[in-house]
């Protein structure tokens, strides 16, 4: 069985350490964070949970990583040779579960400061993440609860 090379100049089609690949692909900020993420069992390779940062990944492997409230599902296309700019890092993988952007949110409106947010449901009940009620909504809540003076 051939021994995997540990050099930074990895040829195409070769294997690479999981923690190093996560760092090269800019999934995490540092390699030590990548190793800790794997050690805590937050990363799966081909649906198998792994706790070894030294596990080798090859092109075609599917990596599922739970990173700060996000679940990233990435298919390895190439091993990395360096931690370059984001545009270079995106060539290392194919995102199988694209994240929602501001333009594809269910409400159709981007979350920008100063814009009013759509509230749904009965008065006094706010949708999750919409923030504090406006002055008009506070008055409606008071009326609804029967606390007006």
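The values are calculated or read from the model by the stated rules, or taken from the named source; none is laboratory data. Please read all numbers here as calculations on a predicted model, not as lab measurements. Note that we place each Cβ from the backbone using ideal geometry, even for glycine, and neighbour counts take in every protein chain shown.
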Q: Name every residue in the stretch 62-97 that is part of a loop (DSSP other than H, G, I, E, B) and more than 9 Å from the chain's Cα centre (by Cα), in order of residue number.
A: 77, 78, 79, 80, 81, 82, 83, 84, 85, 96, 97
Q: Would you check if there is a residue in the stretch 13-27 being closer than 30 Å to residue 131 by Cα, surrounded by 11 or more Cβ atoms within 10 Å (Cβ to Cβ) and modelled with pLDDT under 95?
A: yes
Q: Output the number of residues of the stretch 78-96 satisfying the condition of being surrounded by 15 or more Cβ atoms within 10 Å (Cβ to Cβ) and touching a strand residue (DSSP E or B) at 6+ places or on another chain (Cβ under 9 Å).
A: 5
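Being within 26 Å of the chain's Cα centre (by Cα) and on the phi < 0 side of the Ramachandran plot is the filter; apply it to the stretch 127-142 and report the residue that is modelled with the lowest pLDDT.
Only one residue fits best here, namely 128.
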Q) Any idea how many residues of the stretch 81-102 are at pLDDT 90 or above and closer than 17 Å to residue 63 by Cβ? A) 9
